[in-house]
Amino acid sequence: MRKPLIAGNWKMNTSLEEAKRLVQAILNELDGIDVVEKVLCPPFISLAAIKELLRGTSVELGAQNMYFEDKGAYTGEISPIMLTDLCDFVILGHSERRQYFFETDEIVNKKVRKAFEIGLKPIVCVGESLNENEAGKTEPVITNQVREGLAGVRPSGQLVVAYEPIWAIGTGKAATGKQANATISLIRNIVAGLWNKETAKEVRILYGGSVTGNNIAEFIAEPDIDGALVGGASLKANEFVSILKQTAKLKSTR
Ligand code: PGA
C-alpha cells in the first residue's frame, strides 16, 4: 500500500513572517491525519524557521529546487548539502524551472541523482504543454521526460513523481481525474520498464495543476493517483487542510 502524499508548493510567495503564520494556521486545523504524508515546500529563506515550528508534528519539509553540486563558486545557488539538515523532500524539474530557468532533462537528471545520493527524496515533475497535449503528444513527451529524468538512477521506492500538465498549472483548468489517472498509470509503466514492477508499485505518483478543495476528491478516487502537488490552494490554510482531510477520508475508506 502506498501512503498518500499531499505536498504544498508555495512557489515564490510568503515573507518569513507570512510563512510562519501560514504554518501555524495549518497546524491549528490539522489535528493528526496520520494516513496522509504531509509536506510543505516554502521558499528557501523560511525553511530553517519552519523546521522549528514543525518539530514534533507529523508535517515534513521540502525545498522547491536545489543545485546538483555540493559547494563552490555558484553564486545564488543552494546546495543539496545545505538542505539535508532541513528537508526530507525536494521538488525537482518543476515546469516553471524548465520554462523560465531553462532546466533541461539532463540538468533534472543530475539533480535527481544527487538527491538520492545525499538522502533527499525527490519529487520529480513532468508534464506536457497545451500544444503537445492538443497534438496528441502527451505520451511521447512524458515518456521522454521520465526516461531522461531517471537515467542512471538506481531503483528506489522513495521516488515521488508529480504529473503536472503545464496547461493545468495556475490556470484554474485542472485535468479530469480520468485524464490524470491515464497518464499516471503510463508513468508507472515507464518506471516499471526502466526499473522493475515491484519498485514501480512503491513509487508514489501525484497529480498537480489547479488542485483545490473542490476537485481533490476526483483525483484521489482514482486508483493510480497517490496524492497531489498543490500550488495556489496550498497558500490558504483552510483550503490546504480541506485537501488533506478529504484525502485522508477517501484513502482510508478505499
Ligand atoms: P497550482 O500549481 O496548484 O497553482 O496549479 C501546481 C504546481 O505548480 O505545483
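The values are calculated or read from the model by the stated rules, or taken from the named source; none is laboratory data. In this text, all values refer to a predicted model and were calculated from it rather than measured experimentally. Note that each Cβ is placed from the backbone with ideal geometry, even for glycine, and that neighbours are counted across all protein chains shown. Protein only, heavy atoms only, side chains kept; ligands, DNA and RNA dropped before computing areas. Shrake-Rupley method; radii C 1.70, N 1.55, O 1.52, S 1.80 Å.
Worth a mention:
- Criterion violated by Glu103 - all others in (1) open to solvent by 80 Å² or more (accessible area, probe 1.4 Å); (2) assigned to a loop (DSSP other than H, G, I, E, B); (3) within 16 Å of the ligand (Cβ to nearest atom) satisfied: (1)
- Residue tally, condition open to solvent by 60 Å² or more (accessible area, probe 1.4 Å), out of contact with any strand residue (DSSP E or B) (no Cβ under 9 Å at 6 or more places or on another chain) and among the charged types (D, E, K, R), over the range 42-71: 4
- Taking each residue of the range 24-38 that is within 18 Å of Ile216 (Cβ to Cβ) and at pLDDT 95 or above and looking for partners that are open to solvent by less than 30 Å² (accessible area, probe 1.4 Å) and among the aromatic types (Phe, Trp, Tyr) with beta-carbon atoms closer than 7 Å, six or more apart or interchain, yields Ile26/Phe240.
- Breaking point among (1) away from the ligand (no atom under 15 Å from the Cβ); (2) in contact (Cβ under 8 Å) with a residue 24 or more places away in the chain; (3) under 22 Å from Glu132 (Cα atoms), for Val211: (1)
- When residues of the range 165-208 are limited to those that are free of Cβ contacts under 8 Å to residues at least 24 places away in the same chain and in contact with a helix residue (DSSP H, G or I) (Cβ under 7 Å, 6 or more places away or on another chain), the one farthest from Pro122 (Cα to Cα): Ala192
- Of everything listed in (1) within 12 Å of the ligand (Cβ to nearest atom); (2) open to solvent by less than 30 Å² (accessible area, probe 1.4 Å); (3) within 16 Å of the chain's Cα centre (by Cα), the single unmet condition for Leu235 is (2).
Here is a yes/no grid of residues against (1) open to solvent by less than 10 Å² (accessible area, probe 1.4 Å); (2) of a type in the set (A, V, I, L, M); (3) away from the ligand (no atom under 15 Å from the Cβ):
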| position | (1), (2), (3) |
| --- | --- |
| Gly149 | yes, no, yes |
| Lys173 | no, no, no |
| Glu202 | no, no, yes |
| Gly227 | yes, no, no |
| Val241 | yes, yes, yes |
| Leu244 | yes, yes, no |
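- Those residues of the range 70-91 which are in contact with a Gly (Cβ under 8 Å, 6 or more places away or on another chain) and either more than 16 Å from the ligand (Cβ to nearest atom) or in contact (Cβ under 8 Å) with a residue 40 or more places away in the chain (or both), in sequence order: Thr84, Cys87, Asp88, Phe89, Ile91
- Residues located in the range 122-147, provided they are surrounded by fewer than 21 Cβ atoms within 10 Å (Cβ to Cβ) and outside any helix (DSSP H, G or I): Ser129, Ala135, Gly136, Lys137
- Scope the range 1-17; condition open to solvent by 70 Å² or more (accessible area, probe 1.4 Å) and either in contact (Cβ under 8 Å) with a residue 40 or more places away in the chain or under 14 Å from Leu40 (Cα atoms) (or both); matching residues: Lys3, Met12
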